[in-house]
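Read the structure below first, then the notes.
The values are calculated or read from the model by the stated rules, or taken from the named source; none is laboratory data. From a predicted model like this one, the values you see are computed outputs, not experimental measurements. Heads up, the Cβs are rebuilt from the backbone with ideal geometry, glycines too, and the neighbour counts pull from every protein chain shown.
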Amino acid sequence: MKLSTRHIISINDLTKKDVLTVLQTAESFKEISERRIKKVPTLRGKTVVNCFFEDSTRTRVSFEIAEKRLSADTVNISKSGSAMNKGENLLDTMKNVEAMKPDIVVIRHSMSGAPQLISEAIDSHVINAGDGLHEHPTQALLDLMTIQEVKGKMHGLTVGIVGDILHSRVARSNILLLNKMGMNVVLSGPKTLIPVGIENLGATICYDLDDLIPKLDVLMLVRIQRERADDNLFPSLREYSRHFGINTKRLGAAKKDLTIMHPGPVNRGVELTPDVADGERSVILEQVTNGVAVRMALLYLLIGDEHEEVGQ
Amino acid sequence: MKTLFIKNGRLIDSSANVDTKINLIVKNGIVAELTESKSAPDDADVIDAKGAIVSPGFVDLHCHLREPGEEYKEDIESGTRAAAAGGFTTILCMANTNPVNDTAAVTDYIIKKAGECGIVNVLPVGAVTRGLKGENLSDIGDMAKAGVIAISDDGKPIMNGALMRHAMEYASSFNLSVISHAEDLNLKGRGVMHEGNVSTELGLRGIPSVVEESMIARDILLAGMTGAHLHIAHLSTAGGVEMVREAKKLHIKVTCEVTPHHLTLTDSAVYGYSSNTKVNPPLRTENDRKELISALAEGTIDAIATDHAPHNIIEKELGFEDSSFGIIGLETALPLALKLVHDNKITLQRMVDVFTSRSCGVFNIKRGSLKVGNVADIVIFNEKLPVVIDSSKFKSKSRNTPFEGWRLLGKVLYTIVSGKIVYES
């Protein structure tokens, strides 16, 4: 075993050493995506089933590209095209998938705890591609990889996460991971979107965004969903963007080398203005590029043969 | 009916303030004599209760028998068998069946069915509102005549304060109490577990304590205003305990119950997302649990009630968020309550009291006492015998317990209803 865990469900499954192994492996895999022929035989004969029971573009495509670049056979299941639409329950669907002997099941589900439930019911490795409000560990790992690339270090950096922390699995995984790797994580946003007890995961809270910005090395925005205004968590997207959105003026007091990140999909003009999203400080597309490398690394580390050389 | 001679046991009967070694003679279903004499009456069946405790049969103020309508989860026969196995001789069944027990016809059906195939006493609770919809009063007077013991929309709160007020006033003219399922649905939102550190970490939507506390406050105020008796079901929060304590000091007619699971588990049991820890009200914090235990020890809480809520695996294998709320409790209540006794949190006498005399007092149930002349509903249990919770052996049709595999102390040896042995281990 190259990692201490069989499944990637929560950042808590990974030791610090595991995280460093993932980052190192991802760096070495990144080059494959730059080749003229972007494919290696590392996972030839292995089967990966991508179960996306909740809508996803970026993560689904990223996993599939990662799998194909490693020559794994891939199958995709979505809620609309599957028997779950005919009333089959999740566990039954997954036990049937398991009966076809996949090596890894990648699962995205709107229900927190779904990957945990499945990992207890089947023998294949399970990778959590986002479950409800719980976690999105592969996103946090690609965010970490991006931070390390840009900053050249991890320990001691201060990272702000701003937005709908309450409904963000990306925020939860990042708090756990960045904290594990020695960074200071500070959360900000309207109080309605900061869940009770979130500090216990390893973060502090600063409700005054303008106070916070000058202290940050990295500013990570998380998505604001339009529906949340209907729940009266804030009055309107207009008001949100005015008080909590990031624009060039607001970044006036920021450190020169502040890095701007966003897991996507971006609501341009809500969490941040287009000029910031597309500006020099933004690494939003680098995050997406690194996503493929991180997922290749995880697939390889979970099911790659021991003797197989990285990148061969 | 054969005469029973129960010898060598330790009788604990809080109704008579008794805790002593004494033998019981039961004739024609009635406690005929308490005696020091070791000689059994002629023709009597003898039960040797040496080393065991003899107590009035336990009374569960809160369970769900699922009949009529959801017999695949439980029915009156299986539910009363589970009750007998747990030492209960009288159980109150809630109205959220299908059809709802909101008319005398449904009440009649339950009473008739319980007479035919129930092995313990079943006292139906009627619905406060038609169809549990919280809109219009159900046939409360008719149901009172048919034999309901109290009324409750348990499972659902009555969000409309004026309706709750009128329910209390109207029911009290039939000497019926209202049982409050205290929950503000707007504050609850889509919550599935207690809102706190654990819900945040697990990414599960929270049910804050104020969901319960705000409705307890409203209902206590209404009880004070109307003078009606209010019973609060499944109290789960420290704040709720405090309000009941204060209300009692003010002589407002309020009583309350607590479940075995809220006395023994906290929200940290939800780590791992087991749907058998999903229950409403949710498992709360360690502070809440401690407050519930102290309130039980000091006498603020009137009853331990199971809120036995059977669900089939079909409703419980859907993942935490999508699974139904509910835990079964009839067959685990005694060893869980005894855990508090063995941990020196409450006395054995207190435990027996809240399972028997005290809980009967809540609704004036003519049981819970083994004074001579009373109905011989009896449980004999050994408080020190080790048990391992094994749901595959339950008499209940359902298996939704979070206590599977728990090693506890306390075993029911005999359950006797009206002088007849209905369970023997």
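State the number of residues belonging to segment A:252-299 that are in a helix (DSSP H, G or I) and either in contact (Cβ under 8 Å) with a residue 12 or more places away in the chain or within 15 Å of the chain's Cα centre (by Cα) (or both).
Restricting attention to segment A:252-299, the residues satisfying the condition of being in a helix (DSSP H, G or I) are A:252-253, A:274-277, A:284-299.
With the extra rule that they be either in contact (Cβ under 8 Å) with a residue 12 or more places away in the chain or within 15 Å of the chain's Cα centre (by Cα) (or both), the set shrinks to A:253, A:275-277, A:284-299.
Number satisfying all stated conditions: 20.
Got a sec? Which of B:Leu348, B:Leu336 is more than 14 Å from chain A (Cβ to nearest Cβ), surrounded by fewer than 24 Cβ atoms within 10 Å (Cβ to Cβ) and under 30 Å from A:Ala121 (Cα atoms)? Quick ask: steps written out before the conclusion?
Details: B:Leu348 fails: under 30 Å from A:Ala121 (Cα atoms).
The conditions single out B:Leu336.
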Kindly check whether there is at least one residue in segment A:187-208 that is under 30 Å from A:Thr15 (Cβ atoms), among the aliphatic types (A, V, I, L, M), buried (at least 18 other Cβ atoms within 10 Å of the Cβ) and away from chain B (no Cβ under 14 Å). no
In segment B:221-240, which residue that is surrounded by 24 or more Cβ atoms within 10 Å (Cβ to Cβ) and assigned to a helix (DSSP H, G or I) is farthest from the other protein chains (Cβ to nearest Cβ)? B:Ala223
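Between A:Ser71, A:Ser80, A:Ser62, which is hydroxyl-bearing (Ser, Thr, Tyr) and in contact (Cβ under 8 Å) with a residue 40 or more places away in the chain?
Values: A:Ser71 fails: in contact (Cβ under 8 Å) with a residue 40 or more places away in the chain; A:Ser80 fails: in contact (Cβ under 8 Å) with a residue 40 or more places away in the chain.
From the options A:Ser71, A:Ser80, A:Ser62, the qualifying one is A:Ser62.
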Which of the residues that make up segment B:268-279 are in contact (Cβ under 8 Å) with a residue 12 or more places away in the chain and either more than 11 Å from chain A (Cβ to nearest Cβ) or surrounded by fewer than 23 Cβ atoms within 10 Å (Cβ to Cβ) (or both)? B:Ser268, B:Ala269, B:Tyr271, B:Ser274, B:Asn276, B:Thr277, B:Val279
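So in segment A:20-61, with the set limited to residues that are small (Gly, Ala, Ser) and not in a loop (DSSP other than H, G, I, E, B), which one is surrounded by the most Cβ atoms within 10 Å (Cβ to Cβ)?
Going through segment A:20-61, the residues small (Gly, Ala, Ser) turn out to be A:26, A:28, A:33, A:45, A:56.
From the residues that got through so far, the ones that are not in a loop (DSSP other than H, G, I, E, B) too are A:26, A:28, A:33.
Details: A:Ala26: 26, A:Ser28: 16, A:Ser33: 15.
Result: A:Ala26.
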Go through the residues of segment A:62-82 one by one and say whether even a single one is over 14 Å from A:Arg295 (Cβ atoms) and either in the same structural domain as A:Asp164 (by TED's automatic domain parsing) or of a type in the set (A, V, I, L, M) (or both). yes
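Does any residue of segment A:90-100 turn out to be part of a helix (DSSP H, G or I), among the β-branched types (Val, Ile, Thr) and more than 17 Å from the chain's Cα centre (by Cα)? Explain how you work it out, then say what you get.
Let us first name the residues in segment A:90-100 that are part of a helix (DSSP H, G or I), namely A:90-98.
Within this subset, residues satisfying the condition of being among the β-branched types (Val, Ile, Thr) are A:93, A:97.
Narrowing the set further to residues that are more than 17 Å from the chain's Cα centre (by Cα) leaves A:93, A:97.
Yes, segment A:90-100 has at least one match.
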Hey, among the residues in segment B:177-196 that are away from every other protein chain (no Cβ under 14 Å) and free of Cβ contacts under 8 Å to residues at least 40 places away in the same chain, which one's nearest to B:His234 (Cα to Cα)? B:Asp184
Considering residues of segment A:117-131 that are surrounded by 23 or more Cβ atoms within 10 Å (Cβ to Cβ) and over 20 Å from A:Lys46 (Cβ atoms) only, the residue nearest to the other protein chains (Cβ to nearest Cβ): A:Leu117
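Got a number for residues in segment B:192-211 being touching a Phe, Trp or Tyr at 6+ places or on another chain (Cβ under 9 Å) and either farther than 13 Å from B:Tyr271 by Cα or of a type in the set (Val, Ile, Thr) (or both)?
Selection size over segment B:192-211: 2.
Answer yes or no as to whether A:Lys68 is away from chain B (no Cβ under 14 Å) and under 16 Å from A:Tyr300 (Cβ atoms). Before you say what the answer is, go through the steps one by one.
Details: away from chain B (no Cβ under 14 Å): yes; under 16 Å from A:Tyr300 (Cβ atoms): yes.
Yes: the conditions hold for A:Lys68.
Condition check: within 27 Å of A:His109 (Cα to Cα) and in contact (Cβ under 8 Å) with a residue 40 or more places away in the chain. Does A:Ala229 satisfy that? First the steps, then the outcome.
Numbers: within 27 Å of A:His109 (Cα to Cα): yes; in contact (Cβ under 8 Å) with a residue 40 or more places away in the chain: no.
Here the answer is no, as A:Ala229 does not meet what is asked.
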Within segment B:292-310, residues being touching a Cys at 6+ places or on another chain (Cβ under 7 Å) and farther than 15 Å from B:Gly86 by Cα number 2
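A quick yes/no check of all residues on (1) touching a Ser or Thr at 6+ places or on another chain (Cβ under 9 Å); (2) modelled with pLDDT under 95; (3) part of a loop (DSSP other than H, G, I, E, B):
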| site | (1), (2), (3) |
| --- | --- |
| B:Cys360 | yes, no, no |
| B:Lys366 | no, no, yes |
| B:Val372 | no, no, yes |
| B:Pro386 | no, no, no |
| B:Arg399 | yes, no, yes |
| B:Phe403 | yes, no, yes |
| B:Leu408 | yes, no, no |
| B:Tyr423 | yes, no, no |
Find all pairs meeting these conditions: Cβ atoms under 8 angstrom apart; at least six residues apart or on different chains; first residue within segment B:296-323 and within 14 Å of chain A (Cβ to nearest Cβ); second residue among the hydrophobic types (A, V, I, L, M, F, W, C) and part of a strand (DSSP E or B). B:Phe320/B:Met193
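Would you point out the residue of segment B:197-218, among those that are assigned to a helix (DSSP H, G or I), of a type in the set (A, V, I, L, M) and buried (at least 21 other Cβ atoms within 10 Å of the Cβ), that is nearest to the other protein chains (Cβ to nearest Cβ)? Show your work before the answer.
Filtering segment B:197-218 down to residues assigned to a helix (DSSP H, G or I) leaves B:197-202, B:210-218.
Add one more test, that the residue is of a type in the set (A, V, I, L, M), and what stays is B:198, B:202, B:210-211, B:215-217.
Next cut, buried (at least 21 other Cβ atoms within 10 Å of the Cβ) only: B:198, B:202, B:211, B:215-216.
Details: B:Val198: 8, B:Leu202: 6, B:Val211: 14, B:Met215: 20, B:Ile216: 21 Å.
Going through the qualifying residues, I end up with B:Leu202.
Within segment B:8-50, which residues are assigned to a strand (DSSP E or B), under 29 Å from the mean Cα position of the chain (by Cα) and not hydrophobic (A, V, I, L, M, F, W, C)?
Within segment B:8-50, the first condition is being assigned to a strand (DSSP E or B), and the residues that meet it are B:10-13, B:18-21, B:23-27, B:30-35, B:45-48.
Remaining after also requiring under 29 Å from the mean Cα position of the chain (by Cα): B:10-13, B:18-21, B:23-27, B:30-32, B:34, B:47-48.
Correct list: B:Arg10, B:Asp13, B:Asp19, B:Thr20, B:Lys21, B:Asn23, B:Lys27, B:Asp48.
One line per residue, one yes/no per condition, for (1) of a type in the set (A, V, I, L, M); (2) within 14 Å of another protein chain (Cβ to nearest Cβ); (3) touching a residue at least 12 places away in the same chain (Cβ under 8 Å):
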position: A:His136; (1), (2), (3): no, yes, yes
position: A:Leu144; (1), (2), (3): yes, no, yes
position: A:Ile147; (1), (2), (3): yes, no, yes
position: A:Gly160; (1), (2), (3): no, no, yes
position: A:Asp164; (1), (2), (3): no, yes, yes
position: A:Val170; (1), (2), (3): yes, yes, yes
Take the conditions small (Gly, Ala, Ser) and closer than 24 Å to B:Phe363 by Cβ and apply them to B:Ala238. Does it pass? no
Go through (1) touching a strand residue (DSSP E or B) at 6+ places or on another chain (Cβ under 6 Å); (2) within 14 Å of chain B (Cβ to nearest Cβ) and name the single condition A:Ser78 misses. (2)
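So which of B:Ala228, B:Ala171, B:Ala162 ends up being of a type outside the set (Phe, Trp, Tyr) and without any contact (Cβ under 8 Å) to a residue 40 or more places away in the chain? First the steps, then the outcome.
Values: B:Ala228 fails: without any contact (Cβ under 8 Å) to a residue 40 or more places away in the chain; B:Ala171 fails: without any contact (Cβ under 8 Å) to a residue 40 or more places away in the chain.
Going through B:Ala228, B:Ala171, B:Ala162 in turn, just one is of a type outside the set (Phe, Trp, Tyr) and without any contact (Cβ under 8 Å) to a residue 40 or more places away in the chain: B:Ala162.
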Scan segment B:350-362 and tell me whether some residue there is of a type outside the set (Ser, Thr, Tyr), outside the structural domain of B:Arg66 (by TED's automatic domain parsing) and in contact with a helix residue (DSSP H, G or I) (Cβ under 6 Å, 6 or more places away or on another chain). no
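For segment A:81-95, name all the residues that are away from chain B (no Cβ under 14 Å) and surrounded by 14 or more Cβ atoms within 10 Å (Cβ to Cβ). Lay out the reasoning, then the answer.
Here is the first cut: in segment A:81-95, the residues away from chain B (no Cβ under 14 Å) are A:81-83, A:85-86.
If the condition is that a residue be away from chain B (no Cβ under 14 Å) and surrounded by 14 or more Cβ atoms within 10 Å (Cβ to Cβ), then A:Ser82 is the only one that fits.
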